[in-house]
């Protein structure tokens with residue numbers, strides 16, 4: 001076991017730094033190393049064997065005090081202490097929530113300590129009750145965390161934050177996004193997913209149903225004016241295939257709503273047809289409806305009953 005700090009060479013100290021904080025963070029502290037030097041450091045670490053805690057502590061103190069001194073020199077024109085969590089000020093609320101997602105309570109507590117009270121409450125409201133209690137306990141014991149640990153966490157989170165999406169690209173998820181996803185599934189998969197969702201999470205199922213659009217919704221709930229525009233856009237052969245298995249009364253209403261020229265050209269599908277072909281044709285009708293919704297011609301949630309209403 002290595003017990004004598006004074007007997008260490010420079011490369012051995014760097015190797016110890018690599019072993020304690022990890023290679024990624026060590027490279028951010030010790031800049032300018034070539035690939036050859038990095039390989040030599042790895043080799044040295046493999047040859048050193050067991051290192052005492054006291055020696056590791058001395059090495060860490062040397063490097064971290066050197067690191068802080070370098071930062072002070074770089075920022076000598078600025079007043080106040082060094083702030084490793086300064087990057088948090090540039091993050092929006094949703095980015096902060098994403099940053100701390102799946103982080104352990106001590107890390108969340110460390111970040112909360114750097115934020116204004118209103119930001120702390122925003123983040124705490126996003127965690128479950130058990131984690132919230134643990135985070136609050138950790139907030140009371142941050143003084144026990146060594147300087148090197150704080151800087152390591154700050155460096156890792158700063159690196160993680162650089163990969164967060166801009167707020168304009170950030171999706172809140174929820175029923176609407178899920179409805180759009182399952183709308184692209186096959187008919188059978190769509191039905192299975194909805195049934196599973198209904199069994200596992202009834203509240204989310206109801207939210208999805210507000211935005212979920214099917215061929216049956218279109219032919220049963222859409223007003224004739226919108227239905228005419230949709231069916232007039234879809235190829236007539238697809239309209240015919242999509243109508244397979246639909247009650248004749250509904251077929252007559254829909255076809256009778258088309259321009260006279262298309263009414264004259266319409267030919268129903270005779271005989272049995274593969275379910276796959278019928279489903280594909282109906283998906284095309286739904287796809288046209290979705291494109292019209294994107295264009296602002298109507299709102300699916302309002303038509304299907306999921307939109308907000310005022311008495």
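The values are calculated or read from the model by the stated rules, or taken from the named source; none is laboratory data. Here the structure is a predicted model, which is why all the values come from computation and not from measurement. So basically every Cβ, Gly included, is an ideal-geometry build from the backbone, and we count neighbours across all protein chains shown.
Criterion first (surrounded by fewer than 14 Cβ atoms within 10 Å (Cβ to Cβ), assigned by TED's automatic domain parsing to the domain that holds residue 154 and in contact with a helix residue (DSSP H, G or I) (Cβ under 8 Å, 6 or more places away or on another chain)) does residue 113 satisfy it? Steps first, please.
On the way: surrounded by fewer than 14 Cβ atoms within 10 Å (Cβ to Cβ): yes; assigned by TED's automatic domain parsing to the domain that holds residue 154: yes; in contact with a helix residue (DSSP H, G or I) (Cβ under 8 Å, 6 or more places away or on another chain): yes.
For residue 113, the condition - surrounded by fewer than 14 Cβ atoms within 10 Å (Cβ to Cβ), assigned by TED's automatic domain parsing to the domain that holds residue 154 and in contact with a helix residue (DSSP H, G or I) (Cβ under 8 Å, 6 or more places away or on another chain) - is met.
Farther than 18 Å from residue 297 by Cβ, out of contact with any strand residue (DSSP E or B) (no Cβ under 7 Å at 6 or more places or on another chain) and touching a residue at least 40 places away in the same chain (Cβ under 8 Å), is that true of residue 233? Talk me through it step by step, then tell me what you get.
Working: farther than 18 Å from residue 297 by Cβ: no; out of contact with any strand residue (DSSP E or B) (no Cβ under 7 Å at 6 or more places or on another chain): yes; touching a residue at least 40 places away in the same chain (Cβ under 8 Å): yes.
No.
Give region 212-227 a look and list any residue that's assigned to a helix (DSSP H, G or I) and over 18 Å from residue 187 (Cβ atoms), or say none.
Here is the first cut: in region 212-227, the ones assigned to a helix (DSSP H, G or I) are 215-221, 224-227.
Result: 221, 224, 225, 226, 227.
Out of all the residues in region 70-90, is one or more buried (at least 16 other Cβ atoms within 10 Å of the Cβ), modelled with pLDDT of 70 or more and not in a helix (DSSP H, G or I)?
Yes, region 70-90 contains at least one residue that is buried (at least 16 other Cβ atoms within 10 Å of the Cβ), modelled with pLDDT of 70 or more and not in a helix (DSSP H, G or I).
Within region 11-29, is there a residue that is surrounded by 18 or more Cβ atoms within 10 Å (Cβ to Cβ), more than 36 Å from the chain's Cα centre (by Cα), at pLDDT below 80 and within 26 Å of residue 158 (Cα to Cα)?
no
Any residue at all in region 195-205 that's assigned to a loop (DSSP other than H, G, I, E, B) and in contact with a helix residue (DSSP H, G or I) (Cβ under 6 Å, 6 or more places away or on another chain)? Talk me through it step by step, then tell me what you get.
Kept after step one, since they are assigned to a loop (DSSP other than H, G, I, E, B), are these residues of region 195-205: 201.
Cutting the leftovers down to in contact with a helix residue (DSSP H, G or I) (Cβ under 6 Å, 6 or more places away or on another chain) gives us none.
For region 195-205, residues assigned to a loop (DSSP other than H, G, I, E, B) and in contact with a helix residue (DSSP H, G or I) (Cβ under 6 Å, 6 or more places away or on another chain): absent.
Can you tell me which residue is farthest from the chain's Cα centre (by Cα) among those in region 273-299 that are outside any helix (DSSP H, G or I) and either at pLDDT below 90 or surrounded by 12 or more Cβ atoms within 10 Å (Cβ to Cβ) (or both)?
Here is the first cut: in region 273-299, the residues outside any helix (DSSP H, G or I) are 273-274, 295-299.
If we keep only those that are either at pLDDT below 90 or surrounded by 12 or more Cβ atoms within 10 Å (Cβ to Cβ) (or both) as well, we get 273, 295-299.
Working: 273: 41, 295: 26, 296: 27, 297: 30, 298: 29, 299: 26 Å.
Among residues in region 273-299 that are outside any helix (DSSP H, G or I) and either at pLDDT below 90 or surrounded by 12 or more Cβ atoms within 10 Å (Cβ to Cβ) (or both), the one farthest from the chain's Cα centre (by Cα) is 273.
Just the residues that are more than 14 Å from residue 97 (Cα to Cα) and either under 22 Å from the mean Cα position of the chain (by Cα) or assigned to a helix (DSSP H, G or I) (or both), please, taken from region 111-131.
The first filter runs over region 111-131 and keeps only residues more than 14 Å from residue 97 (Cα to Cα), leaving 113-114, 116-117, 129-131.
Scanning region 111-131 gives 117, 129, 130, 131.
If residue 211 passes every condition in (1) without any contact (Cβ under 8 Å) to a residue 40 or more places away in the chain; (2) surrounded by 19 or more Cβ atoms within 10 Å (Cβ to Cβ); (3) farther than 20 Å from residue 274 by Cα but one, which one does it miss?
Against the list (1) without any contact (Cβ under 8 Å) to a residue 40 or more places away in the chain; (2) surrounded by 19 or more Cβ atoms within 10 Å (Cβ to Cβ); (3) farther than 20 Å from residue 274 by Cα, residue 211 comes up short only on (1).
Report the residue count in region 229-256 for those that are closer than 20 Å to residue 293 by Cα, part of a loop (DSSP other than H, G, I, E, B) and in contact with a helix residue (DSSP H, G or I) (Cβ under 6 Å, 6 or more places away or on another chain).
Qualifying residue count, region 229-256: 1.
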